[in-house]
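Throughout, read-outs are computed from the coordinates displayed, never taken from laboratory work. Not measured: the values here are computed from a predicted model. Note that we place each Cβ from the backbone using ideal geometry, even for glycine, and neighbour counts take in every protein chain shown.
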Amino acid sequence: MNLRPNFNSITTRLILLGIAILISGALGRVFILTDYLRKDVSELTSAQLLTIADYVAQDINRDIVQRREFLARAAEKIPPVLLHNPKQLQAWLGEHQDMNPLFSLGLFVLDPTGIVLAAYPALPERTGKSYADRDYFQQAMKGNPAIGCAVNGRASNVPVLPMAMPLRDATGKVLAVLVGITALHSSNFMEALYTTRIGSTGGLLLISPRDNLFVGASDASLVLKPTPMEGINKLHDKAMKGFRGAGVTINARNIEELAAFSSVPDSGWFVVARLPTREAFASVTRLRDYIIKSAMIMLPLFILFMVFAMRRVLRPLMNAALHANQMTLGEIPLEPLPLVRNDEVGHLTLAFNRLLSKLLASRTELEHLAQHDTLTGLPNRQLLADRMKQAFARAKRNQWQVAVLFLDLDGFKPINDGLGHEAGDAALCEVAKRLGAVMRCEDTLARVGGDEFVILLSDLSQNARVAAELVANKCLEVFQQSFVIRDQTCQLGTSVGIAIGDGECAPEKLLIAADQAMYQAKNAGRGQFCLADECNICASGDKKSSCRIG
């Protein structure tokens, strides 16, 4: 069995179409299913990330509130007199720090100029140092509790978060500032931010929009780093402007990830819980790969099944096509195709047989319509070309001559425009009738244009010119009698161009020469004929003509 595909075969095309449908359907299902699962997993994972972000944000907010309330209580209890006794103030700070060690790196008090009055624990790095440039000090001196910008501590050299509370006298005047310093990564502060893990590579971020800073992060390399510039991460840009929720974004490292945002209300910060989509959608990716691999395994089996099944099912159609092709090539006569099965192929065979019968019945009519002018019934340009070819072949074989008369009507346009196209058609039919009456039966009268006719005089002897001029005069004579069109008397004329050649001439050149001679006749006054010079028709193509009034 020949298994080599024939791409011109409908069987092969149907097999390829079936394979294409199978592959496109499988791929379509894979992509649709993948997209559906991605959306479903994305919604589920986003909800989980948002829950985690809310939990961590609440935990951080609770830590912030605890420390702010501790500072507020401590600020109320510090006796103003201790501001003038640094040692007693230091002891007072140590007592309260030991009782409730919320600030892992201790407490200290700043005077109105920002100089450290007392600190616990007492560190040489803090003694006498000025913190006047710190934002939290400046804010506290205005009478407001403040959460400073997370920085590397001057004394501890680790990432810290300072919080400040103003110390007031009885009149409300700010006498000093109480500051608590907490290491960002400490056991009793933001513990959830560092202990909560999301998947293998996901994590948490704590961001301060005011400072454009990563306050904390599961990834230690991001701590105290500036946030991405606007335009790099569009979802982050929305979050910086107040968006809270979840979505898919491309982070600054060009990694697609799911991210959920939740506010830490008492600090103005927000928490980001994030997970790379390649990890979130890992199960979807594995399912997609499994479906694709399964389809690739099944595809060869399907192709083999399709090849044998389709060839068996469509064999009658192939045989019918072969039979019809043999009839087309003339190898067998036109006859109805054999009916093999009463199915779709059988119905197609019956329809073909009915069509074939109808075509055979109308062949003669179709051939006539293809080669004749539908208005006058005269041969058209196609049939004229065929007869000229035959005439020139006989002329070459028998040393005869051929004459072509090209006629163009004079005065036809006023009739066609003035009386209408139906009147023009009637005039053309009358012209054809009159011209046909003056010709031999072996000659050809053809209509080749709107009001253009050609007469082919074949099998002429050496007196071809005399015969052509005789026919031309007869043609001119038939126009001397008026035409009655729609009860109106009309006058028509014609201009005739004559070209004579032998079997060595090309039919097209002879027809062109007659056409140009006709225009010579029109230019000479119409109602006459012009004869093209035979010597120049076949030689150089430079036609000369002589005109005579018929």
> What angle, in degrees between 0 and 90 and rounded to the nearest 10, separates the Cα long axis of helix 464-478 from the longest principal axis of the Cα atoms of the chain?
Replying inline: 80 degrees
> Considering the zone a paramagnetic label at Ala122 would reach in this model (a point 7 Å from Cα along the Cα-to-Cβ line), which residues of the stretch 148-167 have amide N under 11 Å from it?
Replying inline: none
>> At 0.36 nm per residue, and after removing the present C-alpha to C-alpha distance, how many nm does the segment from Lys173 to Thr201 gain when stretched out fully?
In response: 5.0 nm
> For Lys433 and Gln382 in the same chain, what is the full-extension length gain: residue separation times 0.36 nm, less their Cα-Cα distance, in nm?
Replying inline: 16.3 nm
> Which value in nm describes the separation of the simple spin-label points at Met296 and Asp425, placed 7 Å from the Cα toward the beta carbon?
Replying inline: 6.8 nm
> Treating the beta-carbon of each Lys and Arg as +1 and of each Asp and Glu as -1, no other charges, what is the dipole magnitude of the chain about its Cα centre, to the nearest 20 debye?
Replying inline: 1340 debye
>> Looking only at the chain, where both bridge partners belong to it, what percent of the DSSP beta bridges are antiparallel (to the nearest 5)?
In response: 95 percent
>> If you build the convex hull over the alpha carbons only and average its shadow over all orientations, what do you get for the stretch 381-548? Give it in nm² to one decimal.
In response: 9.1 nm²
>> Checking the cross-link filter: which aspartates and glutamates have an alpha carbon closer than 20 Å to that of Lys225, excluding same-chain neighbours under 8 positions apart?
In response: Asp135, Glu191, Asp211, Asp237, Glu257
> Length gain on complete extension for the stretch Lys413 to Ile19, per 0.36 nm per residue less the alpha carbon to alpha carbon distance?
Replying inline: 135.6 nm
> Once every DSSP H run of n ≥ 4 in the chain is given -39500 (n - 2.57) and the sum is divided by its residues, what mean residue ellipticity at 222 nm do you get, rounded to the nearest 500 deg cm²/dmol?
Replying inline: -16000 deg cm²/dmol
>> Given R₀ = 30 Å, what would the calculated FRET efficiency be for Leu366 paired with Asn8, taking r from the Cβ atoms and rounding to 0.05?
In response: 0.65
>> Distances longer than 24 Å among the Cα atoms of the stretch 78-183: what percent of all pairs is that?
In response: 13 percent
> Which of the aspartates and glutamates could a cross-linker span from Lys509 if the Cα-Cα distance has to be under 14 Å and same-chain partners fewer than 8 positions apart are dropped?
Replying inline: Asp533, Glu534, Asp542
>> Suppose a student asked you for the relative contact order of the stretch 342-438, using Cα pairs under 8 Å spaced at least 6 residues apart; what percent would you report?
In response: 18 percent
> Among the listed pairs Lys396/Lys433; Lys413/Lys433; Lys396/Lys522; Lys474/Lys522; Lys87/Lys129, which are separated by more than 28 Å between their Cα atoms?
Replying inline: Lys396/Lys433; Lys396/Lys522
> What lysines sit close enough to Lys39 to cross-link, taking a C-alpha to C-alpha distance under 27 Å and skipping anything fewer than 8 places away on the same chain?
Replying inline: Lys234, Lys238, Lys241, Lys293
> Relative to the Cα centre, what is the charge dipole magnitude of the stretch 381-548, using +1 at the beta carbon of each Lys and Arg, -1 at the beta carbon of each Asp and Glu, and rounding to the nearest 20 debye?
Replying inline: 300 debye
> The list (1) 54.1; (2) 23.1; (3) 26.0 gives values of mean projected area of the Cα convex hull in nm², and only one came from this structure; which label was calculated from it?
Replying inline: (1)
> Going by alpha carbons, how many degrees (0 to 90, nearest 10) lie between the helix axis of 381-398 and the longest principal axis of the chain?
Replying inline: 50 degrees
> Please identify the trypsin sites (Lys or Arg not before Pro) of the stretch 406-502 that satisfy two criteria: DSSP loop assignment and at most 14 other Cβ atoms within 10 Å. Which are they?
Replying inline: Arg440, Arg486
> Expressed as a whole percent, how much of the Cα-Cα distance distribution for the stretch 247-297 exceeds 17 Å?
Replying inline: 55 percent
>> Applying a 10 Å radius around every beta-carbon, put 372-382, 196-206 in order of their mean neighbour count, most first.
In response: 196-206, 372-382
> Between Ala351 and Asp98, what is the spin-label point distance in nm, taking each point 7 Å from the Cα along the Cα→C-beta axis?
Replying inline: 10.4 nm
>> What's the magnitude of the charge dipole for the stretch 78-183 around its Cα centre, counting Lys and Arg as +1 and Asp and Glu as -1 at the beta-carbon? Answer in Debye, nearest 20.
In response: 160 debye
> Say R0 is 41 Å: what FRET efficiency, to the nearest 0.05, do Val484 and Ala321 get from their beta-carbon distance?
Replying inline: 0.10
